[in-house]
Amino acid sequence: MNPSPPTLRPATWTPAIRMGLSIAAATGFYGISFGALAVAAGLTVWQAMALSLLMFTGGSQFAFIGVIAGGGAGSAAMGAAALLGVRNAVYGMQLNGMLAPTGWRKAVAAQLTIDESAATAAGQTAPDEQQRGFWTAGLGVFVLWNLFTLLGAVLGDALGDPRRWGLDGAAVAAFLALLWPRLKQREPVALAVVCGVVTALAVPLVPPGLPILLAAVVGAAWGWWVRSPDAPSVREEAAT
Amino acid sequence: MTLWTAIVLACAATYLTKLAGYAAPARWLQNPRMARVAGAITVALLSALTVMNTFAAGTALVLDARLAALGVAALALWLRLPFLLVVVLGAAAAGLVRWLG
């Protein structure tokens with residue numbers, strides 16, 4: 001079958017569509033925690049929605065509000081979000097080879113390129129199933145992620161002082177939960193520990209936001225020079 | 001830079017990063033170093049964000065209720081609980097410690 005355009009004909013309830021929908025349900029709902037944490041960090045409901053609609057890559061969105069919540073400047077938040085989005089370029093190269101989208105579909109596919117859609121497409125072997133998997137997961141997560149961001153932002157706005165409800169603790173838990181699936185081998189654990197220590201040492205010394213960018217530099221250097229069989233790679237990442 | 005400016009610029013940067021992947025020559029994928037750097041940056045940033053959100057208060061390091069959130073979240077993740085439950089338990093731990101203290 002030729003690589004078909006993203007017209008999802010639900011005539012067949014294929015494994016790729018089922019996987020895409022379950023991944024969309026499993027991940028879309030935690031948009032609620034993003035929305036709540038975004039307003040707790042000081043963003044308006046509209047600013048939280050702009051991030052979910054336009055940025056649409058969970059790790060980068062959490063990084064952006066994480067820096068703002070820590071008192072960092074907008075430029076540092078921007079840097080952290082952009083660096084956490086670097087892996088999407090790697091997914092884009094893989095998906096371009098798999099799906100070969102053309103014209104406006106390429107522009108839409110790029111926006112829908114995230115951990116979940118890349119993982120769903122990569123989990124299929126037949127080209128038409130890769131197409132269905134990517135578009136089902138990408139569009140499914142996009143719709144649910146944005147709906148639940150709105151819900152979380154409105155609810156969070158209504159809660160008042162976020163610290164009283166432990167929302168700063170929720171942010172800690174969310175970042176640890178995003179990191180956790182990447183720590184299955186010894187090397188990423190070592191990298192995480194080194195970067196955690198670098199961050200802690202840098203906090204009293206440099207302006208807020210910069211410790212995170214410093215850790216990113218350490219990570220980039222590590223990835224460039226450390227050649228170990230269990231080095232962290234975007235290809236091994238589970239969907240988060 | 002206002003918050004809105006930072007949001008718009010950050011969204012543009014992440015979209016262009018995604019688009020650049022689709023525009024890059026396929027042979028770049030043959031270089032596993034690219035994938036390693038991207039993977040290592042992801043681990044580094046998530047670790048830094050976890051540490052900063054647990055211990056930083058402006059430019060000071062403090063131990064407060066957020067440490068309880070970190071411990072409870074780690075336990076929940078070790079027990080393989082789902083993401084949302086981990087986040088809720090983290091919030092509950094921090095909220096409870098503040099309420100008791």
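Values computed for the structure shown
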{"read-out": "Shape call, segment A:87-240: gyration tensor on alpha carbons, a/c limit 1.5", "value": "oblate"}
{"read-out": "Degrees, to the nearest 10: A:31-40 long Cα axis against longest axis of chain A", "value": "30"}
{"read-out": "With Cα atoms, 0 to 90° folded angle of helix A:74-84 axis to chain A main axis", "value": "40"}
{"read-out": "Length-normalised contact order for chain A - Cα pairs under 8 Å, 6+ apart - percent", "value": "32"}
{"read-out": "Relative contact order [Cα under 8 Å, 6+ residues apart], segment A:37-109, whole percent", "value": "24"}
{"read-out": "Apportionment of accessible area to carbon and sulfur, segment A:183-227, percent (1.4 Å)", "value": "77"}
{"read-out": "Estimated D of the protein assembly as shown in µm² per second, where Rh is the Kirkwood radius over Cα pairs and Stokes-Einstein applies at 25 °C, 0.890 mPa s", "value": "123"}
{"read-out": "Segments A:82-93, A:169-180, B:5-16 sorted - mean Cβ within 10 Å per residue, highest first", "value": "A:169-180, A:82-93, B:5-16"}
{"read-out": "Mean residue ellipticity (222 nm) of chain A, computed from DSSP H runs ≥ 4 via -39,500 (n - 2.57), nearest 500", "value": "-21500 deg cm²/dmol"}
{"read-out": "Rounded D (µm²/s) - chain B, Kirkwood Rh over Cα pairs, Stokes-Einstein at 25 °C, 0.890 mPa s", "value": "144"}
{"read-out": "Size of the B/A contact, given as accessible area buried on both chains, probe 1.4 Å, in Å²", "value": "6900"}
{"read-out": "DSSP-loop trypsin sites (Lys or Arg not before Pro) across segment A:150-219, with at most 16 other Cβ within 10 angstrom", "value": "A:163, A:164, A:184"}
{"read-out": "Reduction of at least 50 Å² in accessible surface, 1.4 Å probe, comparing all protein chains with the chain by itself, residues of segment B:67-84", "value": "B:77, B:83, B:84"}
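The values are calculated or read from the model by the stated rules, or taken from the named source; none is laboratory data. Treat the numbers as computed from the prediction; the structure is a model and nothing was measured. Note that each Cβ is placed from the backbone with ideal geometry, even for glycine, and that neighbours are counted across all protein chains shown. Calculation scope for accessible area: heavy atoms of the full protein, side chains included, ligands and nucleic acids excluded. Shrake-Rupley method; radii C 1.70, N 1.55, O 1.52, S 1.80 Å.
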